[in-house]
Amino acid sequence: MQTLQSIFSILFFSFTFLFLLSALLIKVLSLSCRRYCDCEVCRDYLTGSWMTQFPNLADWYAHLLCNSPTGTIHIHVLNNVVTANPANAEHMLKTNFHNYPKGKRFSVILGDLLGNGIFTADGRAWHSQRKAASLALGGASVRKHAFDVVTNEVKTQLVPLLSSVQGSVDLQEVFSRFAFSTICKISFGLDPEEMELPLPLSEYIAAFDSASRLSALRATVAIPFVWKLKRFLNIGSEKELKHAIKMVNELATAVIVTRRKLDSKNNHDFLSRVMQTTDGEAMDDLYLRDVVVSFLLAGRDTVASGLAAFFLLLSKNPSALCTIREEISHVTKGKTDYEMSHDDIKSMHYMHAALHESMRLIPPVPFDSKFAAGDDTLPDGTEIAKGTRVTCHSYAMARMKSVWGPDCKEFRPERWLGKDGVFKPESPFKYPVFQAGLRVCLGRELALMEMKNVIVSVLREFDVEVVLKDGDLPRFAPGLTTSFKGGIPVSISRR
């Protein structure tokens, strides 16, 4: 009798396993058939044949978009419409904003890392978080606090570090660590060295980078069911992502715990302002965790990316470097770096133009996606079905002759200056580096201030030479923000 029960149990579980396996295979096959496309673009995407001609996926997209009459393409296997048309960008980000939320699919892809933070939220949750961030970042006292923090970090951390360099150093890594320290002090009101962590801080920063890279890779999978199955089974890249997010959560918890131990009254940092609700009750830790992760992504990754790209492009344009140094010398004559005011930095129009030009060519966030809430038609005539992922590609837009002229691929800060030499901004829909419309970046001015403060100090003190072989092209690492595979090796010498 016992033997018969054992046999029956084996048969039952075997049948159940086979049934589930068959259901999974049918699901995969149905999804494959629904998204199957034999057009040249989809074949190149699925086979990876584009890699024989282009160093980066973004460059292949830019090539396709530049050759499209409308500046728009459709990657059918991803159900993704990609556009580099400013009129379409304005339609998505302003005119028909409510039809292009981040969407549930976006939060499914990035929710494990970003939670319900401002970058994944829609509707009331997004409005509430944006209002809180706007109030916290908009005050004059906050801007002064941020300027003082950045100036002190440059003086006590960045300049001494670069002064100690012998041989070469990875400038991308240097800026990443610098930006992490400043965002902790500006947004969280604490020194990262004050946190009690079981592992070295560098390992948590590396885990954050891994989580960003692996989360971004989810969006490149033609059949999302594949990565979801890997997550369910806890195997492969999803197992690695789960471990990385666990470490990110530990880091966020350490930030919250450390901030709670410190006096949060009369502090200018954003976290202190949201730690308490209006009725004095403690804010939910899960909400605070999402706030911390969102600010790390926005304040560290984008600033580090912008600085790394700036020095990479500047190394290839010595005439621009000379002009920036002349401007710095003129504005700061008789002053040390640490005696400069915010107004001094704001008056450097050519440097401001050069920074905008570097972010035009290599934007910290190369593209931004939304999911259509309903059927729509873009200004260029492209039909959008409900549920379609629609991507505004800033990197490709910078390479469109129809948008930026025949010299669009050149690094030319002068395109941002009027005849009087004063900086002249472009339409945010032509230059959506900081987003536009209702989702325009709230930390834009703080990020520009931090980057320009660093640029002034580094160019006054050091000669920076990028160590790349002639003909080497930078390759981007997968991620939510732009970073370079292998970093940016440079040699540093005192002027």
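The values are calculated or read from the model by the stated rules, or taken from the named source; none is laboratory data. All values reported here derive from a predicted model rather than from experimental measurement. Neighbour counts run over all protein chains shown; Cβ positions are idealised from the backbone, glycine included.
Within the range 98-115, the set of residues being part of a loop (DSSP other than H, G, I, E, B) and touching a Leu at 6+ places or on another chain (Cβ under 8 Å) comprises TYR100, GLY115.
Scanning the range 445-495 for residues that are assigned to a helix (DSSP H, G or I) and among the basic types (Lys, Arg), we see that the one that is farthest from ASP343 (Cα to Cα) is ARG460. Checking each residue in the range 363-376 for being of a type in the set (A, V, I, L, M) and crowded, with 20+ Cβ neighbours inside 10 Å picks out VAL365, ALA372.
The residues in the range 160-188 that are surrounded by 15 or more Cβ atoms within 10 Å (Cβ to Cβ), touching a residue at least 24 places away in the same chain (Cβ under 8 Å) and part of a helix (DSSP H, G or I) can be counted, and the count is 17. Annotation: of all residues in the range 97-124 being surrounded by 15 or more Cβ atoms within 10 Å (Cβ to Cβ) and of a type in the set (Gly, Ala, Ser), the one that is nearest to LYS185 (Cα to Cα) is GLY117. For the condition at pLDDT below 90 and among the small types (Gly, Ala, Ser), SER347 does not qualify. Total residues in the range 35-45 satisfying the condition of being surrounded by 15 or more Cβ atoms within 10 Å (Cβ to Cβ) and either closer than 21 Å to GLY381 by Cα or not charged (D, E, K, R) (or both): the figure is 4. With the structure loaded, tell me whether VAL490 is buried (at least 16 other Cβ atoms within 10 Å of the Cβ), touching a strand residue (DSSP E or B) at 6+ places or on another chain (Cβ under 6 Å) and touching a residue at least 40 places away in the same chain (Cβ under 8 Å) or whether it fails that test. The answer is yes for VAL490. For the range 156-202, the tally of residues that are under 21 Å from ARG259 (Cα atoms) and touching a helix residue (DSSP H, G or I) at 6+ places or on another chain (Cβ under 7 Å) stands at 20. Given ARG325, ARG360, ARG300, which one is crowded, with 23+ Cβ neighbours inside 10 Å and more than 26 Å from MET92 (Cα to Cα)? It is ARG300.
For first residues located in the range 307-328 and under 19 Å from VAL467 (Cα atoms) and among the charged types (D, E, K, R), partners that are modelled with pLDDT of 95 or more and in a loop (DSSP other than H, G, I, E, B) and lie 6+ apart or on another chain with Cβ distances below 9 Å form the pairs LYS316/PHE411. Residues in the range 366-388 that are within 21 Å of VAL108 (Cα to Cα), hydroxyl-bearing (Ser, Thr, Tyr) and assigned to a loop (DSSP other than H, G, I, E, B): THR388 alone. The number of residues in the range 331-340 that are modelled with pLDDT of 70 or more and surrounded by 12 or more Cβ atoms within 10 Å (Cβ to Cβ) comes to 3. Selection within the range 109-162: residues that are at pLDDT 90 or above and among the β-branched types (Val, Ile, Thr). The member of this set that is farthest from THR182 (Cα to Cα) is ILE109. Consider the range 389-435 and keep the residues that are charged (D, E, K, R), closer than 14 Å to ALA62 by Cα and assigned to a loop (DSSP other than H, G, I, E, B). The one that is farthest from the chain's Cα centre (by Cα) is LYS409. Put simply, of THR120, THR95, THR72 the only residue that is touching an Asp or Glu at 6+ places or on another chain (Cβ under 6 Å) and hydroxyl-bearing (Ser, Thr, Tyr) is THR72. Out of THR151, THR72, THR83, one residue alone is surrounded by 15 or more Cβ atoms within 10 Å (Cβ to Cβ) and more than 23 Å from the chain's Cα centre (by Cα). It is THR151. Only a single item in (1) under 18 Å from PHE476 (Cβ atoms); (2) at pLDDT below 95 is not met by TRP60, and it is number (2).
A count restricted to the range 413-422 and to residues that are within 22 Å of ALA89 (Cβ to Cβ) and either without any contact (Cβ under 8 Å) to a residue 40 or more places away in the chain or surrounded by fewer than 19 Cβ atoms within 10 Å (Cβ to Cβ) (or both) stands at 1. For PHE208, state whether it is part of a helix (DSSP H, G or I), in contact with a Lys or Arg (Cβ under 9 Å, 6 or more places away or on another chain) and within 21 Å of THR481 (Cα to Cα). So PHE208 passes the test.
Let's see how each residue does on (1) within 26 Å of the chain's Cα centre (by Cα); (2) of a type outside the set (Phe, Trp, Tyr); (3) under 30 Å from LEU190 (Cα atoms):
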site: PHE311; (1), (2), (3): yes, no, yes
site: SER315; (1), (2), (3): yes, yes, no
site: THR323; (1), (2), (3): no, yes, no
site: VAL331; (1), (2), (3): no, yes, no
site: ASP343; (1), (2), (3): no, yes, yes
site: ALA354; (1), (2), (3): yes, yes, no
site: SER358; (1), (2), (3): yes, yes, no
site: LYS370; (1), (2), (3): yes, yes, no
site: PRO379; (1), (2), (3): no, yes, no
